[in-house]
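In what follows, a structure is listed as structure tokens, so that the remarks can point back to it.
The values are calculated or read from the model by the stated rules, or taken from the named source; none is laboratory data. These numbers were taken from a predicted model, which means no experiment stands behind them. Positions of Cβ are backbone-derived with ideal geometry, glycine not excepted, and every protein chain shown enters the neighbour counts. What goes into the accessible areas is simple: the full protein's heavy atoms, side chains included, and nothing from ligands, DNA or RNA. Shrake-Rupley method; radii C 1.70, N 1.55, O 1.52, S 1.80 Å.
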Amino acid sequence: MREGDHAQAGGLFSELVSRFGRGPLLRGRGPRTAVVTDTASGLPEAFVRANADLLTVVPMPVTIDTQVYVEGVDDVMTELSLGLAMGHKVTTSRPAPGQFLRALEAAVAAGAEQIVVVCISSRLSGTVDAALWAAERVDADVRVVDSLSVGLGEGFAVMAAVEASRARLPIQDVVAAASSARDARVWFCVPSLEQLRRGGRIGAAASVIGTLLSVKPILTVDASGAIVASEKARTMPRAIAHLIELGIDQAGDDPSQVLVGVHHFGAAEEAAAVAEALAPFTSSPVIVTPVPAVLGAHTGAGAIALVVRTPGGVRPAAPGH
């Protein structure tokens, strides 16, 4: 079944932040719930390894010309960088429904009685549909959640779901955690809109305007899960500076309630600068990781993404922003 309504999860989020600072949550007595997601969630490898008993990440394929590469199996980012630099055609696709089916069957075989699946926004991919197909074919209580987000916007919700599962909370609480991607704002800036235009992720008119005017837009994922233009700047340094301003405004005044993530595609120095600027606004370490390959295929090289998660979701923009 699709979990379309995003239940309130502020309390669970607070507990997640507290866990980072104080230690494990108290365990409940509920049945074991496994969590499944896709590589668009941009989870740090260390987190995935540490939670391999509960968490499965289904890879999303990237095709360069006619060669298909699988994140987590192939060196996708290297191949992607080369392919984009050489002007090769790059496309992405959802995981095959059979991949989800195998992941769900493996979770059941490992002892899961319930499974929560967290997917990339349905406005960006058909992954939710593939997961729903698989969910109908497994003898378990499977809930499919459309995160309406991407990258660590989705990934922080997955992390919260894993923590809720680890604590043996009821499945409705795991679903609430998995549905809490709305608590995160996602922005990213790219040197060029061309890759996004080619992939159909942003309108052709916006791409042409951005190219002609040398505008470096800041894009965001809106409430419907679509990529839309948010702000604009004339240069990448100015775009990154404004990205930082947006993140600080979103973070607010209580660092204990904030999680921050930074993605980049071949822009490690810029990502480090963004992370350093946001570090004072969170009590947790800022996560810095490469962009998920399935997103990098559309943003192109040089992209920087910032994810700021706060309880209650979107804050109103400060005056002048």
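Give me the residue from segment 53-67 that is open to solvent by less than 40 Å² (accessible area, probe 1.4 Å) and assigned to a loop (DSSP other than H, G, I, E, B) and, out of that set, farthest from GLY300 (Cα to Cα).
Of the residues in segment 53-67, the ones open to solvent by less than 40 Å² (accessible area, probe 1.4 Å) are 54-55, 58-64.
Checking the rest, the ones that are also assigned to a loop (DSSP other than H, G, I, E, B) come to 54, 59-60.
Numbers: LEU54: 33, PRO59: 19, MET60: 17 Å.
Restricting to residues being open to solvent by less than 40 Å² (accessible area, probe 1.4 Å) and assigned to a loop (DSSP other than H, G, I, E, B), the top hit is LEU54.
Suppose we keep only residues that are β-branched (Val, Ile, Thr) and part of a helix (DSSP H, G or I) within segment 68-95. Which one would you say is least open to solvent (accessible area, probe 1.4 Å)? Steps first, please.
Pass one, segment 68-95, residues β-branched (Val, Ile, Thr): 68, 70, 73, 76, 78, 90-92.
So of that shortlist, the ones also part of a helix (DSSP H, G or I) come out as 76, 78.
Details: VAL76: 5, THR78: 67 Å².
My answer is VAL76.
Yes/no per residue for (1) touching a strand residue (DSSP E or B) at 6+ places or on another chain (Cβ under 8 Å); (2) crowded, with 24+ Cβ neighbours inside 10 Å; (3) of a type in the set (Phe, Trp, Tyr):
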{"residue": "CYS119", "(1), (2), (3)": "yes, yes, no"}
{"residue": "SER122", "(1), (2), (3)": "yes, no, no"}
{"residue": "ARG137", "(1), (2), (3)": "no, no, no"}
{"residue": "VAL142", "(1), (2), (3)": "yes, yes, no"}
{"residue": "VAL145", "(1), (2), (3)": "yes, yes, no"}
{"residue": "SER149", "(1), (2), (3)": "yes, yes, no"}
{"residue": "LEU152", "(1), (2), (3)": "yes, yes, no"}
{"residue": "VAL158", "(1), (2), (3)": "yes, yes, no"}
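Every residue, every condition in (1) open to solvent by 10 Å² or more (accessible area, probe 1.4 Å); (2) closer than 22 Å to ASP222 by Cα; (3) modelled with pLDDT of 95 or more, yes or no:
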position	(1), (2), (3)
GLY247	no, yes, yes
PHE281	yes, no, yes
VAL288	yes, no, yes
ALA303	no, yes, no
GLY312	yes, yes, no
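What residue, of ARG49, ARG94, is basic (Lys, Arg), in contact with a Ser or Thr (Cβ under 6 Å, 6 or more places away or on another chain) and closer than 27 Å to LEU306 by Cβ? If you could, list the steps in order and put the result at the bottom.
Working: ARG49 fails: in contact with a Ser or Thr (Cβ under 6 Å, 6 or more places away or on another chain).
Of the residues listed, the single one that is basic (Lys, Arg), in contact with a Ser or Thr (Cβ under 6 Å, 6 or more places away or on another chain) and closer than 27 Å to LEU306 by Cβ is ARG94.
Are there helices (runs of 4 or more DSSP H) fully within segment 222-321 with at least 3 residues that are more than 29 Å from ALA176 (Cα to Cα) and under 17 Å from the mean Cα position of the chain (by Cα)? List them.
Working: elements: 236-251, 268-278, 293-299.
It comes to 293-299.
Report every pair of residues separated by at least 6 positions or lying on different chains whose Cβ atoms are under 8 Å apart, first residue within segment 31-53 and at positive phi, second charged (D, E, K, R) and surrounded by 15 or more Cβ atoms within 10 Å (Cβ to Cβ).
As it stands, the answer is GLY42/GLU154, since those pairs meet every condition given.
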